[in-house]
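Notes follow once the structure below has been shown.
All of the numbers you see were taken from the coordinates with simple rules; none came from a lab. Note that the coordinates shown come from a computational prediction; the quantities given were computed from them, not determined experimentally. Cβ coordinates were reconstructed from backbone atoms using ideal geometry, including for glycine residues, and neighbour counts include every protein chain displayed.
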Amino acid sequence: MDNDRSQAYGRVVKTLADLGPAKLQGPEQQTIRTAADALFFEGDAYDELAAVEDLAQVLVDAGRLSPERARELVDDVAACGPSAGVH
Amino acid sequence: MSLHPPDLEHGHGAALAARTAARAAREGLAAVSYAQVDSPVGRLVAVATPRGLARLAYELENGGLDAVLDDVAARLSPAIVEAPAQLDDVRRELEEYFDGRRRGFDLALDWALVRTPFTEGVLRATAAIPFGATSTYREIAAAAGSPAAYRATGGALGSNPIPIVVPCHRVLASGGGLGGYTGGLERKLALLVIEGSRLDV
């Protein structure tokens, strides 16, 4: 497990803590956590990453998350995996 | 059981391949055939089950023949035999494609190495991109039912077990850039040139 992935995972955990239940509902937090876990521990969890990308778009469209923050979150979740997004 | 006997293409070898397939069937294992196929973009390893072509790997980029077969053995079936005759159609259609005489593949495909619904949706959408045309990660993501999921789409395309035939090389970045490719960008570009695709890169 390389250091970059570990750091990305740490950033996801911190983001979830920072946003908290005031910004993200329980199922939304769970979607993000599940994707980060799956990418970190299993690797090619593209269904889970897709769910996070869809969720991020919903949050941006609803004005609940800025586009920049959403992009950072997706980038961090993707970076939990070994090769997500490098095709 | 993993068999890589020499010269299974004719006579004695074919009989051995048939016996191995029968034994695999008795033991509930999928009989998997493989062959090495030379091409202008490097040597390929083609792997087929009775349902169709399941894997087409760039040999060098995937760690060599043994690494490809070990991966197939772990993920599909350990009952693997070298049986070039079983893959004659694959070899012929690839030759025709690289010679510029074929614009689409008529091969039956086995999607057994595609593990998740999203990835399958991405690859099936990719398989529908016509010869000579290109698409983008965003368009493929939308076709797979997740319009925002272009990062996941890139990952799913990177896991494509049947490149060339499932033409992930036709998926480009939204700005017209090549994006990435499982076989390296030189091969992606070479395939697009073969197909006469218009590139703004």
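Each label point was placed 7 Å from the Cα along the Cα-to-Cβ direction; for A:VAL13 and A:ARG33 their separation is 1.2 nm. Approximating the spin labels as points 7 Å out from Cα along Cα→Cβ, the B:ALA67-to-B:VAL193 distance works out to 2.6 nm.
The mean number of partner chain beta-carbon atoms within 10 angstrom of a residue's beta-carbon across peptide B:157-170 is 1.
Exposure proxy shown here: for A:ASP76, A:ASP54, the number of other Cβ atoms within 10 Å sets the order, fewest to most, as A:ASP54, A:ASP76. Net length available on complete extension from A:GLN25 to A:SER66 is 13.1 nm, with 0.36 nm assigned per residue and the Cα-Cα distance removed. What shape does chain A take by its C-alpha gyration tensor, where a ≥ b ≥ c are the square roots of the eigenvalues and a/c under 1.5 counts as rounded, a/b above b/c as prolate, and the rest as oblate? Note, shape of chain A comes out prolate.
Ordered by the number of other Cβ atoms lying within 10 Å of each residue's own Cβ, fewest first, B:VAL81, A:VAL13, B:VAL47 fall into the sequence A:VAL13, B:VAL81, B:VAL47.
Here region B:131-152 and region B:42-61 have alpha carbon centers that stand 24 Å from each other. Computed extension gain for A:ASP75 through A:ASN3, at 0.36 nm per residue and net of the alpha carbon distance, reaches 24.4 nm. Here the scattering of the protein assembly as shown is modelled by Debye summation over its C-alpha atoms, one equal scatterer each and no solvent; at q = 0.07, 0.08, 0.10 Å⁻¹ the log10 of I(q)/I(0) is -0.31, -0.39, -0.59.
Between amide H atoms placed 1.01 Å from N, distances below 5 Å from B:LEU172 occur with B:SER135, B:THR136, B:TYR137, all of them 5 or more places distant or on a separate chain.
Between B:GLU120 and B:ALA133, the modelled labels are 2.4 nm apart [label points 7 Å from Cα along Cα→Cβ]. Taking the fewest neighbouring Cβ atoms within 10 Å as the starting point, the ordered list for B:VAL68, B:VAL37 is B:VAL37, B:VAL68.
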